[in-house]
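To start, the structure under review is shown below, and the notes come after it.
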Amino acid sequence: MPALWRRPLEFLASLPAHGDLVELRLGPTRAYLAAHPELVRNVLLDTRAFEKGGVFDKARQLLGNSLSVSRGEEHRFQRRLLQPAFHPTKIAAYTTAVADDTRAVTDTWRAGQTLDVSDVMHALLMRIAARTLFSAGLDDATIEEARQCLRTVSHGIYRRTVAPLGILEKLPTPGNRAYDRANARLRRIVAEMIDRRRSGGDADDMLSTLLRAEHPETGERLDEGQVLDQVVTFLVAGSETTASTLAFVFHLMGTLPEVEARVHAEVDGVLAGRAPAYDDLPLLPCTRNVITEALRLHPPSWMAMRVTARDVELGPRTLPARTMVLYSAYALHHNPELFPDPETFDPDRWTPERAARVPRGALLPFGAGSHKCIGDVLALTETALVVATVAARWRLRPAPGTRLRPQPKATLEPGPLPMVLERR
Ligand code: HEM
C-alpha cells in the first residue's frame, strides 16, 4: 500500500517482473494485478465474471448510473443508445469546429511567448467539448467556468473513490464544499442546455443526438436525468484525457526536433496551408504514430479495476468472488518484454512493420471489450486535428529547465508544461 500510494507509476511498472498475475496486499485486502496482456484481455472481455465494482460503486454515487459505471443489461442498453453519437459520420461533422477553435486559440499566440501547454490544451478541449456537445450554446465565460468546475469535480471524484473513509467526504471542509458547489454548478450548466434544447428546437450536436436516441428494438429513450448524467460523464471522461494527451504530444515533439520536423513536413505536404479535415487523417501516418507513442508512454487512463462476480479462474489462480482485480495500461506499456527500451519516445514503433511485432493486447490506452472507451475515435480525431492545425504554423520548444513529471490522479496529468512559441 505505501509503495502504491507514494510512487504509483514506478511501483506498477515494477510488478510484471514478479509474474503474470501479481498478488498485492492493500492493507487487509488482497488484490491482484493482471500483468500479462492475455490475462488483461480475459478480465476485460469476460464482463460476466469481472464486473465494474469497487471504485465504480463509489463513482456511481457521483456520476449517476451512466455508461462508465453501469454494468450488465443496463450497460448494454445504454451503449446501444449512445453509440450513434459517436458514429464516424457524426465525428466527421465535428471536425470543422475542432479546426476552427484551434485556429481561434492559436491566432492569439505571439512568437517568443511562453505558455503552459497543459493549461492551454485543457482550455481548448473544454471549448471543443462544449461545441461538439452543445453547438454554439455556451458563451466563453461559461465554458471557462465549466472547466474550473470540471477540474474540481474530477479531483473530488478521485479523492472520494480512493479515500478509505466515506465519512470524510461528508465533513463541511473547504475542499468538500468546493466540490459540492462545483458539482452543482456543472450540472446546472448542463441542465440549462438541455432545457433550452427541449424548448428551442434541434441542432446537429451530441446533445440533440442523445435527446433523440431511441433503442432500436424497444423504442425506449433516455430521460432528462439520464441525459444529464451521460453528458457530465462525457465531460469528466473525455476532456481531461484528450487535453492531457495533447500536452504530452507537444512536449514530447518539442524534445525531439527530428520527429517534429517529420510531422511538420507531413502536415505541409498534405494540407498545403489549408485547415485539416476528417478525410486528411489517414494521410498523416507520422502524426498518428506520434500520438500513439505518446499514449503508450503516458496513458491518461493509467489504472482501472474490476471485481470478480463469482469464483473465477485467472491464469494460475482461482480468485474468490468479490476479489479486486487491477489492470494498468501504464504497467503494460512500460514492460520491456512487450516494448523494448520502454522509456524511450520512439514513434517509429508504430510503423506497420514494427507494429505487427507488438504482442496482442499490449497497447491498451482505451481499454478493451464492451467497456472499451466509447470516445476513442473522437479523441484520436480531435488530437490529430489539433496537432495538425498547430504544427502547420507553430513550433513549440520546452522552456529551459522544464522537466516532465506526470502526476497520477484520476487520470495521468502532465502537470505544468511551459513551452516557448516559435512561428514556423
Ligand atoms: C485520449 C483520450 C481518452 C482516453 C485515453 C480514454 C480512456 C478510456 C479507457 C481506458 C476507458 C475504459 C476504462 C475501463 O476499462 O474501466 C474509457 C471508457 C470510457 N470513455 Fe474514454 N478515453 C478518452 C477519451 C474519451 C472521450 C473523448 C469520451 C467522450 C466524449 C470518453 C468517454 C468514455 C466513456 C463514456 C467510457 C465508459 C465506456 C463504457 O464503460 O462503456 N472517453 N476511456
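Each reported figure results from applying straightforward, stated rules to the coordinates on display, with no laboratory input. From a predicted model like this one, the values you see are computed outputs, not experimental measurements.
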*asked:* Against the empirical 2.2 N^0.38 Å scaling, what ratio does the C-alpha Rg of segment 1-57 come to?
replied: 1.21
*In whole percent, what relative contact order does segment 287-424 give with Cα contacts below 8 Å and a gap of six or more residues?*
25
*Would you list, by chain and number, the aspartates and glutamates whose Cα falls below 12 Å from the Cα of K409, excluding same-chain residues fewer than 8 positions away?*
E240
*Averaging sequence separations of C-alpha pairs under 8 Å and six or more residues apart, then dividing by the length of the chain, give the relative contact order as a whole percent.*
28
*In terms of Cα to Cα distance under 14 Å, which aspartates and glutamates are near enough to K372, apart from those fewer than 8 places away along the same chain?*
D46, E51
_Cut-off under 5 Å, modelled amide H: who pairs with F50 long-range_ = A309
*Potential extension, R76-E144 segment - 0.36 nm per residue separation minus Cα distance*: 21.1 nm
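Compute the convex hull volume of the Cα atoms of the chain, divide it by the residue count, and report the result per residue in Å³ as a whole number.
Dividing the Cα hull volume of the chain by its residue count gives 153 Å³.
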*When the convex hull of its Cα atoms is projected in every direction, mean area for segment 1-133 (nm²)*: 12.7
*Could you give the spread of the C-alpha atoms of segment 250-391 along their three principal axes, from largest to smallest, in whole angstroms?*
59, 30, 25
*Mind listing the long-range amide H neighbours of A35? Cut-off is under 5 Å, sequence gap 5 or more, other chains count too, H placed in the peptide plane at 1.01 Å from N.*
L21, V22
*Sum -39500 (n - 2.57) across every DSSP H segment of at least 4 residues in the chain, then divide by the residue count to get the 222 nm mean residue ellipticity, nearest 500.*
-16500 deg cm²/dmol
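Once the piece of chain linking R212 and D119 is laid out straight, how much longer is it, given 0.36 nm per residue of separation minus the C-alpha distance between them?
Extending this stretch completely gives an extra 30.1 nm.
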